[in-house]
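Colleague: One structure, as structure tokens, below. Some questions next.
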Amino acid sequence: MTKRTKIPAQISAATIGLVGVIAAAIIGLCGAIIVAYFGYLGIRAQIEEPIHATQTAQAKLPSASLPTPASQSNTPSQSNPPAGNNSSPTDTDWQTFLNLDTGSGCGTLRVLPIAINPNGNTEKQITDANLDKIQDWSIIAGSRYLMLNSIANNDWIKISKSLNVSVSTTSTIPAHVDVVNIEGCGGTGHNRVFPSINLRSDLSNFTQELTFSGADFFTLQPGEFEVFEVPFGCEDLGYYNISVSTEYTYQGESGIAEFPEFNVLCPQTFTVYSITADGSLIGAENYSWKNGKFSPTP
């Protein structure tokens, strides 16, 4: 029979107390760890939530496009004339320093805006057609004059030696027109004659560059002017609208200046009424298109 040894009651109580202390310490430590962990989570949430909100807001913003540099005008290769201290103009306000116009000289055949009644008073009909507006009328193939006048205050204007001529064709033309020729209407002058341009109706639109060979470029001082003469020939019958432009340089800025548009007519037949500057009738003559040119008809 085995003999059991009895443990004193005091030792058992001490052991139980020690175990309780250790358990309480472990529970307290676990509690502290749990509290610290949740505190850490709270601090992290306070930090990360604003960052996340900022990143979300940035993602929703539209991307801003970068400004595109404006294209720069190319200046002519020739040296510029002396420039003053005035502010440089833009390409759109060349009219503030340069005046362009078109006209017709003596001997130019201008199309009357009316049809002459051969049974009426011819001189009165022509006078009533308002000769003051004759420069605005269409012309029969011949020379058109392009006038350039500097209205700048004190600076030079440089003008290109080339003209850009654009032609558009109207399919419908009158079979016959009446034309006036004013004789002895002006004096002499020196015009810059450019190469001629032949008008053709097989192309609805075309462009041709005309270059004056006698100069590298032109310059206009304040108040000066130039007259460019452009001859037009009829290669085909047609009604042609003409627009002409040229390049300029002023105060270091380059651009394109445009002359007023005008019309050139190549009809099947026309009658020329020659008059003096005061409107007196000199005579009349008929012309018709034959073999690629206009010839007098009886």
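Rule-based calculations on the coordinates, nothing more; no lab input. Just so it is clear, the model here is predicted, and its values are computed rather than measured. Reconstructed Cβ throughout: ideal geometry from the backbone, glycine too, with neighbour counts over all protein chains shown.
Colleague: Exposure proxy check: Val264, Val193 ranked by fewest other beta carbons within 10 Å?
Modeller: Ranking Val264, Val193 by Cβ neighbours within 10 Å, fewest first, gives Val193, Val264.
Colleague: Could you give the nm distance between label points at Ser213 and Glu183, where each point is 7 Å from its Cα heading toward the beta carbon?
Modeller: Label-label distance for Ser213 and Glu183, simple model: 3.4 nm.
Colleague: At a Cα cut-off below 18 Å, give the aspartates and glutamates reachable from Lys133, other chains included and same-chain residues fewer than 8 away excluded.
Modeller: Once the sequence-local aspartates and glutamates are set aside, what remains near Lys133 is Asp101, Glu123, Asp178, Glu183, Glu261, Asp278.
Colleague: Testing the spin-label approximation: label points 7 Å from Cα along Cα→Cβ at Asp136 and Cys106. State their distance in nm.
Modeller: Result for the modelled spin labels: 2.6 nm.
Colleague: Using the basic label-point model (7 angstrom from Cα toward the beta carbon), what is the Thr172 to Met147 distance in nanometres?
Modeller: Here the answer is 3.3 nm between the modelled labels.
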